[in-house]
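Okay, handing you the structure first.
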Amino acid sequence: MSFNTFGRVFRFTTWGESHGPAIGCVVDGIPSQLPICEADIQYWLDRRRPGQSKFTTQRQEPDRVEILSGVFEGVTTGTPVSLMIRNVDQKSKDYGDIAERFRPGHADYTYHMKYGLRDFRGGGRSSARETASRVAAGALARKVLDAVGVRVRGALVQMGELSIDRTRWDWDEVERNPFWTPDAAMVQPFEDYLLAIRKEGSSVGAVIEVVAEGVPAGWGAPIYGKLDADLASALMSINAVKAVEIGDGFAAATLRGEQNADEMRQAGDTVAFLANHAGGILGGISSGQPIVARFAVKPTSSILSPVKSVTATGEDVDVITKGRHDPCVGIRAVPVGEAMMACVLADHFMLHRAQQG
């Protein structure tokens, strides 16, 4: 299996399976002398960790990270940083019933067709468990971005048919509720909605918004090195993501030209934008405005409701997926989306510095 590496200068490779002994990543291209310790990485992993509320999978993984290389006396050495997270709460027996059955919505069928076999224990490499490695890599990317004052934050803005009221957006509220939503008034409706979905043995999707502030103008490149193209690729690579938009995204198609234009005025020595429909990126290059991206996460495919499928030997069957699954995987996708944006920005910062000095 190829294509386990992301990035060009700031690069990381993830490894491991959902029910193997461990997962992890190797991060290359990190500058030397950045202060880092396991606690710095653990903070971000704890935000994604399963089993923290009744609204996520009850798999009890501590997700304790171990630094194996690339750090000496509390700072990076400039060599590859290798990180490992041990799996401690696998229940592979939960997947025995689907060893020969393809779960609709999962990668079971496509992995079987491509490789001739698949790890049916939680999906193996296709499991969202892999995203813990991305969050670990993102913690290192944040260290790179901290040096230039860039901050990345994410929030859940829609769950199924329910959406937040943007006039009530409060970043502090995101850290106070289990849904990572910035609208305090939607916490109870989200809870009631999701509990009803779970009781029915089903699942629901979500939309996540990620915002980066402090990105200076000039990051990215025209044509094939566009910042928004790389960001879209990074977010689309997250498990269960089916759509990505930058700025106004699809809504831009409903606007007229004068409505969509981010008008400008001179403000002292800087340019002030009067709107941010473009999401902070023009021509593939950052404009200095906040970078705004959203991605849609489909409903969790592992559900207790029976769905029609086939076996590896061509028999028609109904599939019920037992085990411990998120009724809305979009909740824990918030820190993953943050991590992927951080990795893209760290990569483009280093590319920009290499080219422009």
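Taking the chain as a Gaussian network, Cα atoms linked when under 10 Å apart, which of Ala128, Ala272, Ala137 shows the biggest mean-square fluctuation?
Of Ala128, Ala272, Ala137, the Gaussian network model singles out Ala272 as fluctuating most.
If you place +1 on the Cβ of every Lys and Arg and -1 on the Cβ of every Asp and Glu, how big does the dipole about the Cα centre of the range 178-324 come out, in debye to the nearest 20? List each step's numbers first, then the result.
Numbers: 11 positive and 17 negative charges, 83 e Å.
The calculated dipole for the range 178-324 is roughly 400 debye.
Still on this structure, please answer the following. For Cα pairs less than 8 Å apart in space and 6+ apart in sequence, what is the mean separation divided by the residue count of the chain, i.e. the relative contact order in percent? Working shown, then result.
Details: 748 pairs, mean separation 79.3, N = 357.
Result for the chain is 22 percent.
Could you provide, to the nearest whole Å², the per residue accessible area of the chain with probe 1.4 Å?
Working: 16640 Å² over 357 residues.
Heavy-atom accessible area per residue stands at 47 Å².
Alpha carbon centre of the range 277-313 versus the range 220-248: separation in Å?
10 Å
Now a separate question. Residue separation times 0.36 nm, minus the C-alpha to C-alpha distance between Ile223 and Ala275: what's the value? Don't jump to the answer; show the numbers that get you there.
Working: separation 52, 0.36 × 52 = 18.72 nm, distance 2.42 nm.
This chain segment gains 16.3 nm when fully extended.
Could you work out how far the C-alpha centroid of the range 1-47 sits from that of the range 163-185, in angstrom?
Between the Cα centres of the range 1-47 and the range 163-185 lies a distance of 29 Å.
Also: Summarise the accessible area of the chain (1.4 Å probe, protein heavy atoms) by the percent that is carbon and sulfur. Could you put the intermediate results ahead of the total?
Values: 8890 of 16640 Å².
Whole-percent figure for carbon plus sulfur exposure: 53.
Okay, next question. Any chance you could list the semi-axes, whole Å, largest first, of the equivalent ellipsoid that the Cα gyration tensor gives for the chain, using √(5λ)?
Values: eigenvalues 230, 134, 74 Å².
Value: 34, 26, 19 Å, ordered largest first.
Moving on. In terms of solvent-accessible area of protein heavy atoms at a 1.4 angstrom probe, what is the ranking of Glu315, Glu245, highest value first?
Details: Glu315 110, Glu245 45 Å².
Per-residue accessible area, sorted high to low, gives Glu315, Glu245.
Might you report the magnitude of the Cβ-based charge dipole of the range 123-191 about its Cα centre, with Lys and Arg at +1 and Asp and Glu at -1, to the nearest 20 debye? Could the numbers behind the result be given before it?
Numbers: 10 positive and 10 negative charges, 100 e Å.
Rounded to the nearest 20 debye, it is 480 debye.
Just need the Rg to Rh number for the range 132-205, please, alpha carbons only, Kirkwood Rh.
1.08
Multiply the residue separation of Leu255 and Thr77 by 0.36 nm, subtract the distance between their alpha-carbon atoms, and state the gained length in nm to one decimal.
Full extension of this stretch gives 59.1 nm more.
Given the rule -39500 (n - 2.57) for each run of at least 4 DSSP H residues, summed and divided by the residues of the chain, what is its mean residue ellipticity at 222 nm, to the nearest 500 deg cm²/dmol?
Theoretical 222 nm ellipticity from helices: -7500 deg cm²/dmol.
Under 25 °C and 0.890 mPa s, how fast does the range 250-357 diffuse according to Stokes-Einstein, given a Kirkwood radius computed over C-alpha pairs? Answer in µm²/s, whole number.
Numbers: Rh = 18.7 Å.
D, rounded to a whole number, is 131 µm²/s.
Something else about it: Mind checking the range 235-307 for trypsin sites (Lys or Arg not before Pro) that DSSP puts in a loop (not H, G, I, E or B) and that have at most 13 other Cβ atoms within 10 Å? If you can, show how the numbers build up before the last one.
Numbers: sites: Lys242, Arg256, Arg265, Arg294; in loops: Arg256.
Taking the range 235-307 and a limit of 13 other Cβ atoms within 10 Å, the loop trypsin sites (Lys or Arg not before Pro) found are Arg256.
Cross-link list Lys54/Lys322; Lys199/Lys308; Lys54/Lys143; Lys114/Lys226; Lys143/Lys298; Lys199/Lys322: which exceed 24 angstrom alpha carbon to alpha carbon?
On the way: Lys54/Lys322 17 Å; Lys199/Lys308 20 Å; Lys54/Lys143 32 Å; Lys114/Lys226 30 Å; Lys143/Lys298 31 Å; Lys199/Lys322 14 Å.
Violating the 24 Å limit, Cα to Cα: Lys54/Lys143; Lys114/Lys226; Lys143/Lys298.
The values are calculated or read from the model by the stated rules, or taken from the named source; none is laboratory data. Note that the coordinates shown come from a computational prediction; the quantities given were computed from them, not determined experimentally. Note: ideal-geometry Cβ built from the backbone for every residue, glycine included; neighbour counts use all protein chains shown. The accessibility values were calculated without ligands, DNA or RNA, using every heavy atom of the protein model including side chains. Shrake-Rupley method; radii C 1.70, N 1.55, O 1.52, S 1.80 Å.
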